[in-house]
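Please treat every number below as a calculation from the coordinates, not as lab data. Model, not experiment: these values are computed from the prediction. All Cβ positions, glycine included, derive from the backbone under ideal geometry; neighbour counts span all protein chains shown.
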Amino acid sequence: MKETYILAIESSCDETSMSIIKDGHIEISTVVLSQMDIHKKYGGVVPEIASRNHVQNITMVLEECLEQAKMKIEDIDAIAVTYGPGLVGSLLVGIQCAKTLAFLYNKPLIPVHHIAGHIYANRLVGDFKFPLLALVVSGGHTDLIIMEKDYSFKYIGGTLDDAIGEAYDKVARVLDLPYPGGPRIDKLSKEGNHTYTLPTPKDDNTYDFSFSGIKSAVINLVHNEKQRGKKINKADLACSFQDTVVNIICKKTMKAIDKYQIKQLIVAGGVAANSGLRISLEKLCSKAKVELLIPPIKYCTDNAAMIGCAAYYAMQNGKISNLELNAKAVEKLN
Ligand code: KG4
Ligand code: ZN
């Protein structure tokens, strides 16, 4: 059978990334240009600055990606791009580039949902075994999704307010840790103990999550202690927060594994890099006798390799766009 090479573009937030993926799971080349250092000083991503930097970098990233692969655009079978959800100005830069390439070189244009990309990052490490449960934990999402076949997504629950990554970043900010706070809290939590009592977030019968309560509890606790002139033990508070959120994520994941007779759990999104979550999910899956797939850390955060994998299956499911494709800031996965 003829091999399929997809050139994928991801620019939904502050990473300008391109990748060439063969047959939906073999990485030929990937370039990720992060703007993290630029946004750090503002304590978060500034949308206007992000899109300007995408414009500046995208041609360079394309040239580098083709050069690494020793390929020309003529060798590529299709152009894929993240069309949402994300920052509209950032998305539009990637979309415009993808449309231009698709038009000039007469290639199919494949629109990829950002979360489908995070899920398909797991194809870089193994095969999918259906029915599977995808746990998506990122800066913008905390979702539980059932997949019975490729590129078919059934949402069973998710956060009703803050995403888990967002909660991590806000807790980190009140502890004066630099952006992005998730990895800092993770590191700090290993040096502390679970000594602070925090409210258990939405411990009920649904598959939904709520992290704004625990986030506010941490913020209030820090402010109150400061007012009393007391010192916070940052490592202990990081450990207490991480323990509490990891426990509830694992509890609801386990409930879904039981209910839907899952064969495989796949984890996706930036927070999949969290060491506490990885350890707890390994234990949970070994107990439940369910296979666990978690991408290596470099594929957990935003990258175009995951978009190239998802695009292969999107294309097989007829998801090909015309040149009217537009950016979607908010978009359901279906
Ligand atoms: O998936 P991602 O790169 O961007 C979105 O699509 O949202 O995820 C970024 C999020 C940030 O909130 C960051 O703090 C969090 O992932 N993150 C972590 C860790 N590494 C990244 N959170 C907790 N522990 C980590 N080790
Ligand atoms: Zn992401």
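The ranking of LEU91, LEU221 from fewest to most other beta carbons within 10 Å of each one's beta carbon is LEU221, LEU91.
Computing FRET efficiency as 1/(1 + (r/R0)^6) for LYS289 and HIS194, where r is the C-beta to C-beta distance and R0 is 30 Å, gives about 0.60.
If you take all other residues with their beta carbon under 14 Å from the beta carbon of LEU292, and give Lys and Arg +1 and Asp and Glu -1, the sum is +3.
Per residue of the chain, what 222 nm ellipticity follows from adding -39500 (n - 2.57) for every DSSP H run with n ≥ 4, rounded to the nearest 500? Please report the intermediate quantities before stating the final value.
Details: 11 runs with 147 residues, N = 334.
Theoretical 222 nm ellipticity from helices: -14000 deg cm²/dmol.
Using alpha-carbon positions, what is the distance between the centroids of region 160-211 and region 62-93, in Å? Computed from Cα coordinates, the inter-centre distance equals 34 Å. Expressed to the nearest 5 percent, the antiparallel share of DSSP beta bridges inside the chain is 60 percent. Other residues lying with their Cβ under 14 Å from the Cβ of LEU101 contribute a combined charge of -1, Lys and Arg counting +1, Asp and Glu -1.
Once the chain from THR4 to HIS223 is taken as fully extended at 0.36 nm per residue, the excess over their C-alpha distance is 73.3 nm. Taking the centroid of alpha carbons for each part, region 257-307 and region 1-45 are 20 Å apart.
Helix 164-174 and the long axis of the chain differ in direction by around 50°, with both axes built from C-alpha atoms.
If the chain linking SER152 and THR206 were pulled fully straight, counting 0.36 nm for each residue of separation and taking away their Cα-Cα distance, it would gain 17.3 nm.
Using DSSP, restrict attention to beta bridges with both residues in region 129-294 and report what percent are antiparallel, rounded to the nearest 5. Don't jump to the answer; show the numbers that get you there.
Values: 10 of 19 bridges.
Bridges in region 129-294 that DSSP calls antiparallel: roughly 55 percent.
Full extension of the chain segment joining GLU324 with MET36 gains 100.6 nm, where the gain is 0.36 nm per residue of separation less the Cα-Cα distance.
Among the listed pairs LYS129/LYS319; LYS226/LYS283; LYS255/LYS328; LYS202/LYS328; LYS226/LYS252, those with a Cα-Cα distance over 27 Å are LYS226/LYS283; LYS255/LYS328; LYS202/LYS328; LYS226/LYS252. Shape summary of the chain, radius of gyration then Dmax from alpha carbon positions: 20.2, 70 Å. The HN-Hα couplings worked out from phi for region 92-104 by the Karplus form 6.51 cos²θ - 1.76 cosθ + 1.60 (θ = phi - 60°) are 4, 5, x, 5, 4, 5, 4, 5, 4, 5, 4, 5, 5 Hz, whole numbers, x standing for Gly and Pro. The HN-Hα couplings worked out from phi for region 20-25 by the Karplus form 6.51 cos²θ - 1.76 cosθ + 1.60 (θ = phi - 60°) are 10, 10, 9, 6, x, 7 Hz, whole numbers, x standing for Gly and Pro.
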